[in-house]
Amino acid sequence: MSLTGKVESETEIAATAAKFYHVFRKQLEHVPNISQEIHGARVHEGDWENVGSVKHWEYTIEGKKQSAKEKIETIDDENKLITYSVFDGEVSENYKSLNVTFQVIDKEHGGGIVKWIFEYEKVKEDITGVSPEAYLAFAEKVTKDIDAHLVKE
């Protein structure tokens, strides 16, 4: 087993790629009202939508309440892609680095695909905290919650 790795997934959504991406670019503060997995979010540094901004998140993963900070590293609006680094809280106890890439891709006949990539370096081989696969499953669940919300709007 390796200390570094990458897990990724693609989740189909009914909402348009543009509408879904807009939530992450301009309405991120609404996500705690959309997904029961996320209990709170606040700006720690900067704002909600620009590179370098840091947010503090409170969420439940694998039945445990946790918190972490997330920093926007890059934004590529043309390709509907954002990269984040996640740190502090329980994340820093188990990972030297946890980087997340989020991208929304248009499907030819409506809807879209949300792609999540989690790249990580563990502090040791056998971590006691949340696995990269569990973070990926959490992102997929939040994706489905947001999609369901957008479809009924």
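In region 114-140, what residues are aliphatic (A, V, I, L, M), modelled with pLDDT under 95 and within 27 Å of VAL31 (Cα to Cα)?
Matches in region 114-140: VAL130 only.
Restricting to region 65-93, name every residue that is touching a residue at least 60 places away in the same chain (Cβ under 8 Å) and in a strand (DSSP E or B).
Of everything in region 65-93, just one residue is touching a residue at least 60 places away in the same chain (Cβ under 8 Å) and in a strand (DSSP E or B), namely GLN66.
Could you please tell me which pairs satisfy a Cβ distance under 7 Å, a separation of 6+ or placement on different chains, a first residue in region 94-105 that is of a type outside the set (Gly, Ala, Ser), and a second residue that is open to solvent by less than 10 Å² (accessible area, probe 1.4 Å) and in a strand (DSSP E or B)?
From residues that are of a type outside the set (Gly, Ala, Ser), the pairs are PHE102/ILE82; VAL104/GLY112; VAL104/VAL114; ILE105/GLY112.
Pull up region 50-79, narrow it to residues that are surrounded by 12 or more Cβ atoms within 10 Å (Cβ to Cβ) and over 14 Å from the mean Cα position of the chain (by Cα), then point me to the one that is farthest from ASN99 (Cα to Cα).
GLU62
Applying the selection to region 4-36, what residues are under 22 Å from TYR120 (Cα atoms), open to solvent by 70 Å² or more (accessible area, probe 1.4 Å) and not charged (D, E, K, R)?
Matches in region 4-36: THR4 only.
The values are calculated or read from the model by the stated rules, or taken from the named source; none is laboratory data. Owing to the predicted nature of the structure, the values given are computational and were not obtained by experimental measurement. Here Cβ is always computed from backbone atoms with ideal geometry, including for glycine, and neighbour counts include all displayed protein chains. The accessibility values were calculated without ligands, DNA or RNA, using every heavy atom of the protein model including side chains. Shrake-Rupley method; radii C 1.70, N 1.55, O 1.52, S 1.80 Å.
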